[in-house]
Amino acid sequence: MTSKTAARADKHRRAAGWIETLAADRTEDRAEMLAHHYLEAIELGRAAGLGTDGLREPGVRALLEGCERAVALFAWPRVVHLAQTGLELLPDGDPRRPRFLLSRGRAEDVLGKLEPSDLVEASALFEAQGDVEAAAQAELMIQNYFWATHNNEEVKRHLSRAVALVEGRPLSWTVAR
């Protein structure tokens, strides 16, 4: 069983490698398929007792691309799944963590299942990385959550924080919001 599992893991790894060679202008078309093959290779490799550390990085990249693609398609349940899987694969301290948190929070907001803790963490991480516009986007989503729950004090606090983050910045979608 282990040798068959190892062989299946290798087939998925090779399929992912082949998909990566496809035209770069089609990355959005292949992102989820690529993520699928890397995740299968990781899962089967672990089951067969193989080292899978070399698959983690391309798997995370593929999940992030797949997540962004799912957001563009408004495929919110898929965004939640891909972001959660990405978060589980990320090594500690990875700078992409807030991107996955923001995507999952946005999707959960649309699906009516938001708990703002993901967005609070994302905002803090983005700010620490110097990405104040992304931090402000998270703060705006948090503010929306508290608006929907009629918590005016938290609405004011998070809206003020978002404004302070982008104050004096050039016009952008986030600044306009």
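Computed extension length for residue 56-residue 147: 28.9 nm, one decimal, from 0.36 nm per residue of separation with the Cα-Cα distance subtracted. Projected onto their three principal axes, the Cα atoms of the chain cover extents of 59, 32, 27 Å, largest first.
Excluding ligands, DNA and RNA, the accessible surface per residue across the chain is 56 Å² with a 1.4 Å probe.
Applying 1/(1 + (r/R0)^6) with R0 = 45 Å to the Cβ-Cβ distance of residue 163 and residue 46 gives a FRET efficiency near 0.45. When shorter helices are ignored and each DSSP H run of at least 4 residues is given -39500 (n - 2.57), the per-residue value for the chain at 222 nm works out to -25500 deg cm²/dmol.
The values are calculated or read from the model by the stated rules, or taken from the named source; none is laboratory data. Keep in mind the model is a prediction, meaning the values are calculated, not measured. Note: ideal-geometry Cβ built from the backbone for every residue, glycine included; neighbour counts use all protein chains shown. For accessibility, only protein heavy atoms count, side chains too; no ligands or nucleic acids. Shrake-Rupley method; radii C 1.70, N 1.55, O 1.52, S 1.80 Å.
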